[in-house]
1. Which FRET efficiency, nearest 0.05, do GLU215 and TRP173 yield, Cβ-Cβ r, R0 51 Å?
2. Heavy atoms only, 1.4 Å probe, whole protein assembly: order LYS279, LYS192, LYS31 by accessible area, highest first.
3. Compare the peptides 237-244, 165-172 by average per-residue count of other Cβ atoms within 10 angstrom and give them in order, highest first.
4. Distance in nm between label sites at LEU7 and MET207, each 7 Å beyond Cα in the beta-carbon direction?
5. Once you keep just the Cα pairs under 8 angstrom separated by 6 or more residues, what percentage relative contact order results for segment 1-78?
6. Mind checking which lysines have their Cα closer than 17 Å to the Cα of LYS53? Skip sequence neighbours fewer than 8 apart in that chain.
7. By how many nm would the segment from THR224 to LEU290 grow when fully extended, if each residue of separation counts as 0.36 nm and the alpha-carbon distance is taken off?
8. Please check which bits of segment 18-36 a label hung off ASP42 would reach, taking the label as a point 7 Å along Cα-to-C-beta and the cut-off as backbone N under 14 Å.
Amino acid sequence: MPISYSLYTIAFCFWCIYLFDAIKHKRRYYKSALRCLQGEHDLHQKIKAYNAKTELVKYVYLFCMNLVEWIGVIFGLVAYLIPIIQEYVNIASTNQVYRGILWGHNLPDINNVSLMLNSILIGCLCMYLAARQAQKSWVKANRIPIIICIFLLCSTAIQIMVSISYIRIIGLWFDQVLVSIALMFAFKQYRKLKMVINWTIIDLQVMQRKKLLTEQIRMKRVFTITFCFIWIGALTILASDYIRAISRTIQVISREYDASVFYLSLCENSTYSHPDIGKGITILTGIDVLLGTIGCLIIFIPYTGYGLITMFVIQWRLCRGMTGYRTHFKNPLYAPLI
């Protein structure tokens with residue numbers, strides 16, 4: 001666990017530096033294109049400025065998604081460590097210590113917030129790119145700020161419910177529904193962007209632009225493979241969350257309440273009315289952990305592996321003085337011209 005989190009953090013830091021540097025370059029290029037466009041009506045310059053703005057916004061989205069994902073992973077680590085710390089603390093010393101430790105179970109579920117917000121950002125990015133590339137009146141991206149604000153407000157209200165013991169289970173189920181809606185929104189926008197990419201491929205085939213057609217087909221292949229990993233991993237994590245919600249609901253329904261400790265009723269490890277319920281909850285917890293681990297591996301192994309490989313390649317090129325750029329001249333620049 002420490003090694004995997006360390007590797008993930010290294011990859012996260014690399015992607016932050018890489019994306020931040022890309023944002024600076026894209027912003028500089030966009031400003032240069034705007035300066036060249038002033039006072040001119042050159043169609044080529046307009047296309048350059050249009051594409052430069054699209055690339056700039058795309059990298060801003062990717063940077064935000066990277067940051068939100070890391071925050072979710074860190075809070076997931078904290079949630080994982082709380083039960084372990086609880087095992088090694090003498091909770092029978094005082095009621096105050098007991099309540100302080102058990103309060104950790106009523107913390108907001110930042111993992112689901114991260115999954116929801118990342119799904120919304122993916123959907124909004126696909127919506128934006130589809131609108132910019134299609135340039136159709138019915139393919140719009142002007143609702144993106146409203147969509148993000150609505151989901152953030154709903155998520156904030158749900159996390160407040162999750163933090164209150166008496167309505168925690170209701171909040172957990174609303175949380176699962178909100179994450180499901182966010183994933184469906186992201187998948188819908190992904191399908192729309194894929195449709196626009198197919199339009200572009202057909203147009204290039206009609207125009208016989210073989211070089212651009214080859215690049216577009218390659219981009220579509222990478223795009224499809226990347227999102228295939230994202231959807232499989234996200235659905236697996238969502239299934240894990242639903243199983244966890246079912247397990248917690250069964251714990252609350254089947255618990256024998258004691259009026260003296262009703263304040264801790266949704267956190268306390270009480271006995272159950274039937275002995276088989278404990279075994280069922282143990283099985284559900286095992287399935288929950290297994291599915292959650294598989295989903296995280298499906299998403300984070302490509303992210304971490306590709307990040308580390310790219311980082312090593314860039315470092316190797318910097319050490320060797322190889323930038324990766326080549327001229328179309330066969331002879332080196334220091335060779336005599338005559």
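1. Values: r = 46 Å, r/R0 = 0.90.
Efficiency at R0 = 51 Å is approximately 0.65.
2. On the way: LYS279 135, LYS192 45, LYS31 90 Å².
These residues rank, largest area first, as LYS279, LYS31, LYS192.
3. Working: 237-244: 20.1, 165-172: 16.9.
My ranking of the peptides, most packed first, is 237-244, 165-172.
4. In this crude spin-label approximation the distance works out to 4.3 nm.
5. Working: 37 pairs, mean separation 31.0, N = 78.
Relative CO of segment 1-78 lands at 40 percent.
6. Within the straight-line limit of under 17 Å, LYS53 reaches these lysines: LYS24, LYS26, LYS31, LYS140.
7. 21.2 nm
8. The answer is 32-36.
The values are calculated or read from the model by the stated rules, or taken from the named source; none is laboratory data. Just so it is clear, the structure is predicted and the values come from calculations on it, not from any experiment. Here the Cβ is made from the backbone with ideal geometry for all residues, glycine too, and neighbour counts use every protein chain on show. The area values use the complete protein model at the heavy-atom level, side chains included, leaving out ligands, DNA and RNA. Shrake-Rupley method; radii C 1.70, N 1.55, O 1.52, S 1.80 Å.
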